[in-house]
Amino acid sequence: MSEESKKSTDSGIEIKQVYTQQHLPGNLDEKPGVYPFSRGVQPDMYRGKLWTMRQYAGFSTAEESNKRYHYLLSQGVSGLSVAFDLPTQIGYDSDHPLSEGEVGKVGVAVDSIEDMQILFNGIKLEEVSTSMTINATGYILLALYVALAKQQGADLKKISGTIQNDILKEYAARGTYIYPPKPSMRIITDIFEWCSKEVPKWNTISISGYHIREAGSTAVQEIAFTLSNGKAYVKAAQEKGLDINVFGKRLSFFFNAHNNLFEEVAKFRAARKMWAKIMKDLGTTDPKAMMLRFHTQTGGSTLTAQQPLNNISRVTIQTMAAVLGGTQSLHTNGYDEALSLPTEEAARIALRTQQIVAYESGAADTVDPLAGSYFVEAMTQEVEEYAWKLMEKLMQWAEVLPLSNKGLFKMKLPAVLMSTSVTLRTMRR
Amino acid sequence: MSRPIRVLVAKVGLDGHDRGAKVIATALRDAGMEVIYTGLRQTPEMVVSAALQEDVDAIGISILSGAHNTVFPKVITLMKEKGLDDVLLTGGGIIPDEDIAELNKIGVGKLFHPGTNTHEIADYINGWVKEHRSF
């Protein structure tokens, strides 16, 4: 085969012209819902319950956001997803000089319990699950949320939701950190401990590969970095004396879905298998604490400002990848997001894309439909092998904590993102 | 010009999305320019002060948080105050066309959307500097 006709994924996995039985990995006799969960965390997956269609949204003021939440709830949505503005995410009041121009821009501003009261006015916190994209100030927003729940007379044992609370990827990719890694890890593991006693149904962290991918990583790097971060949190919690079988059940993940359908499906399958093994090796005995449950968002950086309607096709492929990969919840991007915040029409098409995949494509009708495919099984194995190798290398360099300190993560990223940008340009022609 | 073009690439405000800024910084460097990258969370004052001290020919601001209508006017006002009115202020990010038109009116140069070919940006800066700063 000439150099010219060779094909490979962004992660550098070479794709053969044809896959046959000889490329199948040895033991494929796995069932969904049991260790190591490659085929999904539930035995019935979407036959039992479809993934949660959870669209991330935040509006300028608490009043506006509250109106939106009431509208969404009236449309039968059971989960809210709150976007906060950057001052709230980084711990500045709305009237701080550094907040100028940012207040209410990428989400809602919450400065006080009064804002929280307005944000959830007329909504019983005991009856909804609320996902909050909040990290460095996660403990403050969670405290406000719980305080509001108490004011409403809610049973704290019943309130449910998620805070993102993943500080390690903030240093690597997203940028809303306040404190150095060590004290930040202390806050996070304090949250694990407090929640396990006071709000046991709360997902205490959403360990995120999404932003690492958006910052320019490959699919393999996305899971290798994310699972390494996950391992760092687990170890920190264990050092504090917390029970892995208890806090382990409340860990959740957040991944990206890009355009290479088969590599993405392989990525999700491999990630589940790897996390189950990691948790088992760290001493978990309860299978529920070995399950990798995850939210997916379609890839913002794959959208182009040029010919924006083409993005609808991209989002559809990415939706298929998330669903065939067994996601627990999904946000689909608006086709115009490379140009501005999504218009109402774009947001509606994004949600309809999920519904078309759910109700018309047949992708949700059976569990893990691509299992046994020569190509997908071989790819799953290769993604897994590549990711283990990279994780091992990461560990050799340093444990993840000092790694974030030294910025080694960031050194690996620019080269890849440069090549992504070049590839996109070439593809666009 | 007898020396390489000097460009300050800046992130202003609280926006942590720095992939675009880094791609541009790398591309401009590859195009033969001297690039200074400010890092995250800069104020307009810090950016203009750095531009002055580094004697740059152009400032490129990357902004994806929607704060562009606050940030660009502030930077251009400060640039005029400090006598940097012969320096190009350009940039890019998620900035709607109608906002770009308004910002162009107050003296901001071209603003680029995501996905712009990086050669186009380097060519623009090269051309502008040749035309306005030939000394």
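The values are calculated or read from the model by the stated rules, or taken from the named source; none is laboratory data. The structure displayed is predicted, hence computed values, not measured ones. Here Cβ is always computed from backbone atoms with ideal geometry, including for glycine, and neighbour counts include all displayed protein chains. Protein only, heavy atoms only, side chains kept; ligands, DNA and RNA dropped before computing areas. Shrake-Rupley method; radii C 1.70, N 1.55, O 1.52, S 1.80 Å.
Quick notes on this one:
- The alpha carbon centroids of the range A:97-140 and the range A:177-192 are separated by 20 Å.
- Helix-only CD estimate at 222 nm, as mean residue ellipticity for the protein assembly as shown, using -39500 (n - 2.57) per DSSP H run (n ≥ 4): -14000 deg cm²/dmol
- Portion, in percent, of the accessible area of the protein assembly as shown that falls on carbon or sulfur, probe 1.4 Å: 52 percent
- Length-normalised contact order of the range B:64-135 in % [C-alpha pairs under 8 Å, at least 6 apart]: 34 percent
- Cα-centred dipole magnitude for the protein assembly as shown, charges only on beta-carbon of K, R (+1) and D, E (-1), debye, nearest 20: 1340 debye
- Within 10 Å of each Cβ in B:87-96, the average number of Cβ atoms from other chains: 1
- Taking every DSSP bridge with both residues inside chain A, close to 5 percent are antiparallel.
- Positions from the range A:333-357 whose accessible area shrinks by 10 Å² or more when the full protein complex is built, not the chain alone, probe 1.4 Å: A:GLU337, A:ALA338, A:LEU339, A:SER340
- Gyration tensor (alpha-carbon) shape descriptor, chain A, a/c threshold 1.5: rounded
- Three-way shape label, chain B, alpha-carbon gyration tensor, a/c 1.5: rounded
- Farthest toward positive dipole pole in the protein assembly as shown [+1 Lys/Arg, -1 Asp/Glu at C-beta], among A:PRO200, A:VAL367, A:SER5: A:VAL367
- 19 Å Cα-Cα reach of B:LYS11 towards aspartates and glutamates, excluding residues that sit fewer than 8 places from it in its own chain: A:ASP85, A:GLU100, A:GLU102, A:GLU170, A:GLU214, B:GLU34, B:GLU45, B:GLU54, B:ASP55, B:ASP57, B:ASP99
- Semi-axes of the equivalent ellipsoid for the range A:267-346, Cα gyration tensor, largest first, Å: 34, 11, 10
- Shape call, the range A:157-200: gyration tensor on alpha carbons, a/c limit 1.5: oblate
- You can think of it this way: the chain between A:LYS389 and A:THR61 has 113.5 nm of extra reach, that is 0.36 nm per residue less the Cα-Cα gap.
- Per residue, the accessible area of the protein assembly as shown comes to 43 Å², computed with a 1.4 Å probe over protein heavy atoms only.
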